[in-house]
Amino acid sequence: MPQVMGQALKRHEDIRLIRGRGQYTDDMTLPGMVYAEMVRSPYAHANILSVDTQAAQAMPGVLAVFTGQDTKDELGLIPTAWIPPNSDLKMTPHPALAFDTVRYVGDAVAVVIAETPYQAQDAADQVQVQYQPLQAVVHPREAVEDGRPQVHAEIDRNIAFHWTVGPDLDAVFQQAEVVVRHEFRQQRLIPNAMEPRAALAQYNNATDELTVWVTTQNPHIHRFLLSGILGIPEHKLRVVAIDVGGGFGSKIACYPDEVVASWAARKLRRAVKWTETRQENFMITSHGRDHVQEVELAGTRDGQIQAIRVKAYSNLGAYLSTAAPGVPTILFGLIINGAYDIPHASADVYGVVTNTTPVDAYRGAGRPEATYLIERMVDLYASQIQMDPVAVREKNLVKAEAFPYTNPFGLQYDSGNYQGTLKIALDMLDYPKLREEQAALRKDGKYIGIGWSTYVEMCGLGPSEVAGAVGFQGGLWESATVRVHPTGKVSVFTGASPHGQGEETTFAQIVGQELGIPVEDIEIVHGDTARISMGWGTYGSRTTAVGGGAIHLATQKVIEKAKKIAAHKLEVSESDVVFEDGMFSVAGVPNRQVSFQAVTLDAYLAWSLPEGVEPALEGTAFYDPKNFTYPFGAHVAVVSVDPDTGDIHLMRYIAVDDVGNIINPMIVEGQIHGGLVQGIGQALYEGAEYDTEGQLLTGSLLDYAVPKARFFPRFETAHTVTPSPHNPLGVKGVGETGAIASTPAIVNAVMDALHPFGIQDLPMPLTPEKVWQAIQQNQGGR
Amino acid sequence: MLTAPFEFRRASTVNEAADWLQQGTEVKLLAGGHSLLPLMKLRLAAPAMVVDISGIPELHGVIAHDGVVTVGAMTRHVEVVKNPLILAEAPLLSQTAAVIGDVQVRNRGTIGGSLCHADTAADLPAAVLALDAQMVVSGPDGVRKIPASEFFVAPFVTALGPQELLVAVEVPSMPSDAVSTYLKRPHPASGYPVIGVACWVGYGGATVRLAITGIGPTVFRAAEAEAYLAAHGLNSSSIGEAARLAAVHAPVEDDITGYKRQLVSVYVSRALQHTAKGKN
Ligand SMILES: Cc1cc2nc3c(=O)[nH]c(=O)nc-3n(C[C@H](O)[C@H](O)[C@H](O)COP(=O)(O)OP(=O)(O)OC[C@H]3O[C@@H](n4cnc5c(N)ncnc54)[C@H](O)[C@@H]3O)c2cc1C
């Protein structure tokens, strides 16, 4: 039996996905299916005066047109599911269909149900809505000023919550030798999963069951929320996520669209499908980031960082989305010290509502915002005290001996050797030589820059006790059932809900290794509340750490029971049985053995089972991890800047990551590449813009630059392995590291290149025009 | 992303297409569909009738005679890239078509469709303008020719009458000593040119053509730079001044930061340098 853990097996799921045989929600067709099309507000803020549906109702193929008036008494409000403690959070009442006020462009006011998607859209165009436009507010810091338009009457100065953590640090700052102050703008990003969102709902008249196929990262959370909103008990509600084409956080939330499709399916007794267009995806599917951060760092003249604090205004959009309040608080504020041993830290966050698309988790969720802040501040500090940025990092990184390390907010960093990854990156780069080259090139009017990011992040979201303590309205454990069929083939049911990450393969590797059976004999089943008892889904790089942990424990239960049966069969006591490579054998007598498959068959035939052992063979585990996991690493980017055009050319990118134990190195590599591209995309290309009236100016792929493969050099990756003690597999999580680490590495590199021009910082994305203009304004510095 | 209802027709002759066009104003011709269909799917265009012209034999084919290459309006970008006659007689056209969009776009999109759509940021207008091409147009009053310099009137507006269609593009053969370059700066999102500079030098340096797309409201010639280069020759010392002249005279709008003129200067300079290298 060959080793399968740690092998770069090709992905199981690709057999169907690459050949176009995947099944996405929109691929589903049901008998009698009809189509929903939403009528959406063209205004960012307006009162609805009237909705005239008559013309639309008379259009061919139209079954019904419903407005907010029709749904408001039949549907609950769409809630947020994260209420950070000590934050004074106010709910933003969010009806599925707006009936009095619309609060962002795209807010749905009516739905048309018709026999064909074309008819639905034609009729939606005929719904006449009279609006009274109101003034809009889009910028998070402006929104809290006096006299600004109020997005929700019940939310004074648009402050949905004010969350603080950490002590008053005025004294520390007053006494500090060096204080660096800076303001950063985390621009707004649009996740752009390859597959837009979709929902298909079917009501079963006989059983009163509603089934909803929906593009979700967490079907059980969806069921939980839909159950409350629709008033359908959970045992009569089934949520299915078949193939889901990426989410990046944007498919965590429960949205009005699936609520309305579900409600209409029950009302009309017809299967109702709703599918988002790419345009709608830009307009209504949750966005990411969008902070203004006022940051201060205190340190000594010789490079010891003493304190970091931030006051942040986080734009949450028009309504508090499902996980939104947790992102700029727990997932951001608690880790602003990054990988550094900084004794003092505090964060002060305003969660602000505006007339924009709701903002929620986006790959990294909070941690990129924190990492950018600290990694940029370290560079600004280094520059101010004229130290090399690497030297400052070396001096302040948490030492390998210090683990478990408790950060200023009480987070316990599990394990690590931060200097170790930095050392490898330095060697791969040949840093001193590159600095010499840089100096020589500058003399020729050529500008290259080197940018570092020595990050840590927290992921593997769980345990549930912490979830409760930080106000997440759910658990963060995971379930797994390993069901061995009579022939020894295995179905694994996981509460995690992978949607492109490759766990159908990695999970099979875990089980295959432990049971000593071929991975081809293992099927990973996920994304269906009817088949999986419970689960909390895939986000926060938790799937392998928590979901994988549950699978490991369930597999161990199977082995435990099988061992009993094997001992019975081999007529020895259980303690004399060893299990290795799929074979149970008698210790010391290796030829007295019986295979796992033979034991399985015995378990099912049950002709002769040991005392007290039940027939069949399966194990179920509900696993709650001990703590978060903390992947870390050192990234470095080398860029050149063309002063004539402001073009930034990424010459090299080195990522040395420690994500704990690695189950499938190819999949890990893929996750890192994808993360890097998204993080670099934020640094250089992506940025959603609104005008002052709340119109999204970057509303399509023609103007919003999702990075293309050709923009990038070959990434150079390396690893160290420091297992996490917080879960049985020793894994840490890799889904978000690239997106968390790379953004500041790039910006640090560009600022390093621009150093001769006296340019310290520019707002992201660093478009060529911005860079060129800054060079123009600072020509004197050259 | 679903179109409004429309009537669909297939024309098999130019006259038949012209007849449909005369039915009313809400008729659109469909060539490769790569500009028209996105507009219709976004419901930014909702023609009552769409007439497919891809089956009209007169719109197909590339021929060369009397120092002119005639390229049928339905010639796909991919064909413009590879066609031996175009490569021999008007390589600038091939060079330009080669960097349009991606493979799928080049496989479907047509030269006629691109020119008639007259997107501010289309690539091919630069080439046809630099090559002094003539648009062969058929309408109710018969066939007429419109010089490229008069064809692009405003963003998405051409000199084509409402009942006319483009039959072919006539491109004068480039001289045998001609060297040409099309230099494009793709937009990071759309891939369309932020600026595209088409340039060629020939007749021993006596003729220099520079046409610029993407950055102004329509494609334009850098006439002052052309004249300067014709007078001073294309060499490392003249390029800087030519680039400066092109930038100063470029009809760019809303250039608050000066970046657009800067790009004109840089891209004209780079295109000329590249051309000068090929010349030696
Ligand atoms: C993803 C994508 C990327 C692209 N990137 C680029 C790019 O980088 N650079 C670039 O230049 N273009 C780009 N394009 C546009 C592409 O080149 C189109 O093919 C071209 O603009 C239109 O040609 P078509 O044959 O597809 O015309 P259609 O879409 O069929 O027609 C366009 C318009 O021209 C009219 N028309 C077509 N033929 C005639 C005719 N013979 N007489 C009169 N009117 C006619 C139509 O009625 C319509 O109004 C891109 C398109 C896509 C979808």
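If you filter the range A:332-351 down to residues that are of a type in the set (A, V, I, L, M), touching a residue at least 40 places away in the same chain (Cβ under 8 Å) and outside any strand (DSSP E or B), you find that the one that is farthest from A:THR164 (Cα to Cα) is A:ALA339. The residues of the range A:427-456 that are hydrophobic (A, V, I, L, M, F, W, C) and either closer than 20 Å to A:ASP341 by Cβ or in contact (Cβ under 8 Å) with a residue 40 or more places away in the chain (or both), listed by number, are A:MET428, A:LEU429, A:LEU434, A:ILE448, A:ILE450, A:TRP452, A:VAL456.
The residues of the range B:132-165 that are touching a strand residue (DSSP E or B) at 6+ places or on another chain (Cβ under 8 Å) and among the aliphatic types (A, V, I, L, M), listed by number, are B:ALA133, B:MET135, B:VAL136, B:VAL137, B:VAL143, B:ILE146, B:ALA148, B:ALA159, B:LEU160, B:LEU165. Per the listing B:ALA271, B:ALA242, B:ALA247, the residue uniquely in a helix (DSSP H, G or I) and either modelled with pLDDT under 95 or more than 14 Å from chain A (Cβ to nearest Cβ) (or both) is B:ALA242.
Scanning the range A:573-620 for residues that are of a type in the set (Asp, Glu) and closer than 17 Å to A:VAL558 by Cβ turns up A:GLU574, A:GLU580, A:ASP581, A:ASP602, A:GLU614, A:GLU618.
In this structure, does B:GLY101 turn out to be more than 8 Å from the ligand (Cβ to nearest atom) and at positive phi? When the stated conditions are applied, B:GLY101 does not pass them.
When the helices (runs of 4 or more DSSP H) confined to the range B:1-115 are screened for residues that are within 14 Å of another protein chain (Cβ to nearest Cβ) and in contact (Cβ under 8 Å) with a residue 60 or more places away in the chain, none reaches at least 3 such residues. Of all residues assigned to the range A:688-700, at least one qualifies as being within 14 Å of chain B (Cβ to nearest Cβ), touching a helix residue (DSSP H, G or I) at 6+ places or on another chain (Cβ under 9 Å), of a type in the set (S, T, N, Q) and assigned to a loop (DSSP other than H, G, I, E, B). Can you give me the ranges of the strands (runs of 3 or more DSSP E) entirely in the range A:533-618 with at least 1 residues that are of a type in the set (S, T, N, Q)? Of the strands (runs of 3 or more DSSP E) lying wholly inside the range A:533-618, those with at least 1 residues that are of a type in the set (S, T, N, Q) span A:583-586, A:589-595. B:HIS187 falls short on exactly one of the conditions (1) over 22 Å from B:ASP255 (Cβ atoms); (2) open to solvent by 40 Å² or more (accessible area, probe 1.4 Å); (3) within 14 Å of the ligand (Cβ to nearest atom), and that condition is (1). Against the numbered list (1) open to solvent by 30 Å² or more (accessible area, probe 1.4 Å); (2) more than 29 Å from A:LEU397 (Cα to Cα); (3) part of a loop (DSSP other than H, G, I, E, B), A:LYS626 comes up short only at (2).
Okay, residues lined up against (1) on the phi < 0 side of the Ramachandran plot; (2) in contact (Cβ under 8 Å) with a residue 40 or more places away in the chain; (3) open to solvent by 70 Å² or more (accessible area, probe 1.4 Å):
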residue	(1), (2), (3)
A:GLN556	yes, yes, no
A:ILE565	yes, yes, no
A:GLU574	yes, no, yes
A:SER585	yes, no, no
A:PRO590	yes, no, yes
A:GLN593	yes, no, yes
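When B:THR110 is tested against (1) within 8 Å of the ligand (Cβ to nearest atom); (2) touching a Phe, Trp or Tyr at 6+ places or on another chain (Cβ under 9 Å); (3) open to solvent by less than 50 Å² (accessible area, probe 1.4 Å), exactly one condition is not met: (2). Against the test of being in contact with a Gly (Cβ under 6 Å, 6 or more places away or on another chain) and either within 12 Å of chain B (Cβ to nearest Cβ) or assigned to a helix (DSSP H, G or I) (or both), the options A:GLN671, A:GLN682, A:GLN678 yield a single qualifying residue, A:GLN671. Annotation: of all residues in the range B:41-71 being crowded, with 20+ Cβ neighbours inside 10 Å and within 9 Å of the ligand (Cβ to nearest atom), the one that is farthest from B:SER94 (Cα to Cα) is B:PRO47. When A:ILE654, A:ILE648 are checked against the criterion of being within 14 Å of chain B (Cβ to nearest Cβ) and over 22 Å from the mean Cα position of the chain (by Cα), A:ILE648 stands alone in meeting it. When residues in the range A:274-309 are screened for being open to solvent by 10 Å² or more (accessible area, probe 1.4 Å), within 14 Å of chain B (Cβ to nearest Cβ) and in a strand (DSSP E or B), 1 of them pass. Restrict the check to the range B:153-170 and report whether at least one residue is open to solvent by less than 10 Å² (accessible area, probe 1.4 Å), away from the ligand (no atom under 12 Å from the Cβ) and either assigned to a loop (DSSP other than H, G, I, E, B) or not charged (D, E, K, R) (or both). There is no residue in the range B:153-170 that is open to solvent by less than 10 Å² (accessible area, probe 1.4 Å), away from the ligand (no atom under 12 Å from the Cβ) and either assigned to a loop (DSSP other than H, G, I, E, B) or not charged (D, E, K, R) (or both). Of all residues in the range A:703-725, those satisfying the criterion of being over 21 Å from A:GLY317 (Cβ atoms), within 10 Å of chain B (Cβ to nearest Cβ) and in contact with a Gly (Cβ under 9 Å, 6 or more places away or on another chain) are A:ALA705, A:PRO707, A:LYS708, A:PHE711.
Contact annotation: residue pairs with Cβ atoms under 6 Å, 6 or more positions apart or on different chains, pairing a residue in the range B:116-140 that is on the phi > 0 side of the Ramachandran plot with a partner that is in a loop (DSSP other than H, G, I, E, B) and open to solvent by 20 Å² or more (accessible area, probe 1.4 Å), are B:ALA118/B:PHE156. With respect to the stated conditions, A:GLN202 is assigned to a strand (DSSP E or B), farther than 30 Å from A:ASN407 by Cα and open to solvent by 30 Å² or more (accessible area, probe 1.4 Å).
Within the range B:122-145, does at least one residue satisfy the condition of being within 14 Å of chain A (Cβ to nearest Cβ), within 12 Å of the ligand (Cβ to nearest atom), closer than 29 Å to B:THR25 by Cβ and within 14 Å of the chain's Cα centre (by Cα)? For the range B:122-145, residues within 14 Å of chain A (Cβ to nearest Cβ), within 12 Å of the ligand (Cβ to nearest atom), closer than 29 Å to B:THR25 by Cβ and within 14 Å of the chain's Cα centre (by Cα): present. What are the pairs, 6+ residues apart or on separate chains, where a residue within the range A:116-132 that is within 7 Å of chain B (Cβ to nearest Cβ) has its Cβ under 9 Å from a residue that is open to solvent by 70 Å² or more (accessible area, probe 1.4 Å) and assigned to a helix (DSSP H, G or I)? Nothing qualifies. When residues in the range A:162-181 are screened for being open to solvent by 50 Å² or more (accessible area, probe 1.4 Å) and within 27 Å of the chain's Cα centre (by Cα), 2 of them pass.
Here's the yes/no breakdown for (1) within 14 Å of another protein chain (Cβ to nearest Cβ); (2) within 14 Å of the ligand (Cβ to nearest atom):
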{"site": "B:TYR182", "(1), (2)": "no, yes"}
{"site": "B:GLY196", "(1), (2)": "no, yes"}
{"site": "B:CYS199", "(1), (2)": "no, no"}
{"site": "B:GLY214", "(1), (2)": "yes, yes"}
{"site": "B:TYR228", "(1), (2)": "no, no"}
{"site": "B:ASN235", "(1), (2)": "no, no"}
{"site": "B:SER238", "(1), (2)": "no, no"}
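The values are calculated or read from the model by the stated rules, or taken from the named source; none is laboratory data. What you see is a predicted model, and the numbers here were worked out from it, not measured in a lab. Positions of Cβ are backbone-derived with ideal geometry, glycine not excepted, and every protein chain shown enters the neighbour counts. With ligands, DNA and RNA removed, areas are computed over all heavy atoms of the protein, side chains included. Shrake-Rupley method; radii C 1.70, N 1.55, O 1.52, S 1.80 Å.
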